[in-house]
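Structure record follows, encoded as structure tokens.
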Amino acid sequence: MHQPNEFCAVQHLTLMVAFCISTIAVDPQLAGQTTTAHEQMTDAERIQWFRHDKFGMFVHWGPYSYLAGEWNGQRIPVGTEAEWIMQRFNIPVAKYRQMAHNLNPTHFSAEEWVMLAKSTGMKYLVITAKHHDGFAMYHSQVSKYNIVDWTTFKRDPVQELSEACRRNGIRFCVYYSHREDWDDPDGFGNNWDYDRSKKNFNRYLEEKSKPQLRELLSNYGPLGLIWFDRGMDTPEHAREFIEMVRTLQPRCLINGRVGSYGEDLMGDYQDMNDNGMPTGGLQEYWEAPQTLNTTWGYSKFDQQWKSPGDVIHRMVEIVSKGGNYLLNIGPMADGTIPAPSLATLRRVGVWMQANGESIYGTSASPLPEQPWGRSTTKGDKVYLHVFSWPADANLPVPGLKNEVVAAYALTAPSRKLGVSQLDGTSVIALPARPSDDMDTVIALQLDGPPKVDPPTVTQGSDTPFELDYLSGVTTGKAIKRFNREGKFHIAKWTNPEDSVAWHLLVSQAGEYNMRIRYSARQESKGEKYVISTGAQSITGSVAPTGEGYQYNTFDLGTIKFSRAGPYVVRINPAADYDHNLMYFQLLELVPAGPRMVE
Ligand code: FHN
């Protein structure tokens with residue numbers, strides 16, 4: 001007969017098991033279930049894990065790691081990418097291939113790499129299955145130029161990593177260079193061994209790139225995402241890659257670099273330019289791929305390591321702006337992870353262990369950057385990331401309209417902090433010293449989701465108003481995004497309900513000349529948009545600026561602010577269009593003529 005407490009224990013265990021099973025059941029990717037072509041999947045469902053997880057490990061590893069930034073006494077300069085060594089020194093394919101035989105990563109342990117990612121707080125891992133040098137770091141049947149058939153190592157690191165990820169609850173993802181291939185005579189990029197004019201790029205796509213992608217999608221279980229790089233030559237080709245991923249693994253995400261440079265962005269989310277950081281305000285899913293030193297692939301010369309504080313501050317900045325942080329490690333050829341990377345990641349992991357709540361599942365904060373740091377938000381909570389502890393231990397939080405129900409340091413939730421109001425600013429009474437000198441997180445429990453005033457654009461004397469994507473408030477489908485060169489604009493507006501508005505505080509009454517800067521395609525030629533403030537409006541006509549993203553500035557006439565004070569200026573399409581009207585960057589209002597005396 002069971003004793004009551006034994007019964008409880010068994011019941012508890014049963015519940016726990018049931019809980020785990022049901023948790024796994026809702027996440028087939030982590031549970032290792034492969035998907036089928038028939039699975040219906042909305043974009044919102046597919047991106048859900050990515051929105052939550054925020055932090056991933058990028059791994060650049062291949063034959064270039066063996067060269068470690070040096071070829072025949074020539075060095076890759078620190079500050080540039082060591083994995084580009086074949087291209088930088090125009091190493092002949094035959095010689096590079098010969099060198100690749102030497103790859104023998106006897107110190108490689110998939111379990112250790114994955115455990116490092118996990119203990120750092122990273123939730124997904126992206127490994128270079130094939131980089132631009134064309135060498136497959138997995139057992140490919142398409143080409144013998146792969147780590148199993150080409151080296152004495154004879155093991156498949158992609159297989160081992162996929163299994164270690166699944167054992168440890170990390171989402172497994174692969175990088176695949178789909179366009180660039182310096183080994184294949186018809187691939188993109190090698191014009192030192194191969195005559196560009198004789199290339200048959202379609203042959204490369206059909207006989208290497210697509211078959212290898214098919215292998216990766218078929219043989220390594222469910223993939224969290226495929227990380228394509230450097231774009232594709234045409235949108236049609238990019239769509240073929242997207243189609244294959246959607247058919248073979250409908251749950252797998254596709255990054256934006258699958259598509260052509262200079263064209264509309266494709267895929268499920270967008271990648272910032274390498275090591276790029278947006279000024280903020282983006283309204284689509286994005287990720288910032290960044291390095292720990294200045295190269296992606298290992299270089300023995302590059303010792304410009306970011307400190308743990310740099311990494312934490314970058315992560316918080318990215319997450320506070322709504323993005324994901326994909327942080328790269330470049331292991332050595334033998335599989336060892338450089339000691340400075342290990343030390344930094346371990347320290348970041350300690351911080352994440354204590355403060356992960358302020359990162360996972362959070363969204364872009366409506367509060368702007370503060371002199372003391374940044375913030376993230378989730379539900380009715382705001383997390384204040386205090387990078388610089390105020391000398392008087394009073395933390396001002398201007399602009400927040402909510403009542404603060406409770407304030408506490410995330411590492412000491414039971415010790416509530418005092419909150420007072422001063423001229424519309426909430427002031428948190430902090431402990432005398434921070435608990436973490438890099439970032440102490442203060443949680444604010446609010447009376448509802450955070451509310452802040454829209455940003456007000458103010459005016460210096462005689463200076464123009466610069467109304468950009470950052471200070472504008474969008475409605476409808478109009479969204480703030482960036483193009484492949486990291487330039488920001490507002491796009492996707494197709495009808496009058498899609499608008500952007502700015503709140504201005506005019507100090508100088510009078511007439512203003514208006515200038516607008518945008519990029520537009522041929523299809524939008526002559527289409528109309530309206531700029532309005534109060535009862536005044538001006539209708540503009542779109543002039544195409546050429547293919548790709550070329551931003552031009554156009555004069556628009558004048559508007560008048562008859563007295564100083566607050567105004568709202570708005571732009572919207574004048575009618576319904578079946579495509580994006582323009583890629584808007586800036587509206588300038590320049591004082592025209594002498595100051596008006598009221
Ligand atoms: O050329 C590559 C580079 O080697 C590296 O892989 C980075 C990572 O984002 N992507 C490309 C450049 O954008």
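We did not get these values from a lab; they are worked out from the coordinates using the rules stated. What you are looking at is a predicted structure, and each value in this text was computed from that prediction instead of being measured. Reconstructed Cβ throughout: ideal geometry from the backbone, glycine too, with neighbour counts over all protein chains shown.
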Q: Return the inverse of the average 1/r over all pairs of distinct C-alpha atoms in the chain, which is the Kirkwood hydrodynamic radius, in Å to one decimal.
A: 26.7 Å
Q) Given H placed 1.01 Å from N in the peptide plane, which residues other than close sequence neighbours of Leu586 have an amide H under 5 Å from its amide H? A) Arg517
Q: Can you bin the stretch 373-483 into rounded, prolate or oblate? Criterion: square roots of the alpha carbon gyration tensor eigenvalues sorted a ≥ b ≥ c, rounded for a/c under 1.5, prolate for a/b above b/c, oblate for the rest.
A: prolate
**Q.** Relative contact order of the stretch 278-349, defined on C-alpha pairs under 8 angstrom at six or more residues apart (%)
**A.** 39 percent
Q: List, in the order given, every pair from Lys54/Lys130; Lys378/Lys451; Lys54/Lys321; Lys321/Lys378 whose Cα-Cα distance in the structure shown is over 21 Å.
A: Lys54/Lys130
**Q.** Relative packing of peptides 440-452, 280-292, 530-542 - highest average C-beta neighbours within 10 Å first
**A.** 280-292, 440-452, 530-542
Q) From the square roots a ≥ b ≥ c of the eigenvalues of the alpha-carbon gyration tensor of the stretch 235-278, which class results: rounded (a/c under 1.5), prolate (a/b over b/c), or oblate? A) oblate
Q. Taking only the alpha-carbon positions of the stretch 157-213 and ignoring solvent, what does the Debye formula give for the base-10 log of I(q)/I(0) at q = 0.18, 0.30 Å⁻¹?
A. -0.66, -1.13
Q: Report the far tail of the P(r) of the stretch 112-174, meaning the percent of Cα-Cα pairs longer than 20 Å.
A: 31 percent
**Q.** Loop-located trypsin sites (Lys or Arg not before Pro) in the stretch 228-281, at most 15 other Cβ atoms within 10 Å (DSSP)
**A.** Arg230
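Would you mind getting the Kirkwood hydrodynamic radius of the stretch 266-425 from its Cα pairs, rounded to one decimal in Å?
Evaluated over the stretch 266-425, this radius sits at 17.6 Å.
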Q: Determine the percent antiparallel among the DSSP beta bridges restricted to the chain, to the nearest 5.
A: 70 percent
Q: Between beta-carbons, use under 14 Å as the cut-off and find the net charge around Ala82, counting Lys and Arg +1, Asp and Glu -1.
A: -3
Q. Relative contact order (percent) for the chain, with alpha-carbon contacts under 8 angstrom and 6 or more residues of separation?
A. 12 percent
**Q.** Packing-based order for 149-156, 382-389, using average beta carbon neighbours within 10 Å, highest first
**A.** 382-389, 149-156
Q: Just name one of Pro450, Gly593, Gln270: the one whose Cα is farthest towards the positive end of the charge dipole of the chain (beta-carbon charges, Lys/Arg +1, Asp/Glu -1).
A: Pro450
Q: Using only Cα positions of the stretch 274-356, each an equal point scatterer, no hydration layer, compute I(q)/I(0) via Debye at q = 0.15, 0.24 Å⁻¹ and quote the log10 values to two decimals.
A: -0.57, -1.20
Q: Please go through the stretch 364-426 and write out the trypsin sites (Lys or Arg not before Pro) that DSSP classes as loop and that have at most 14 other C-beta atoms within 10 Å.
A: Lys401, Arg415
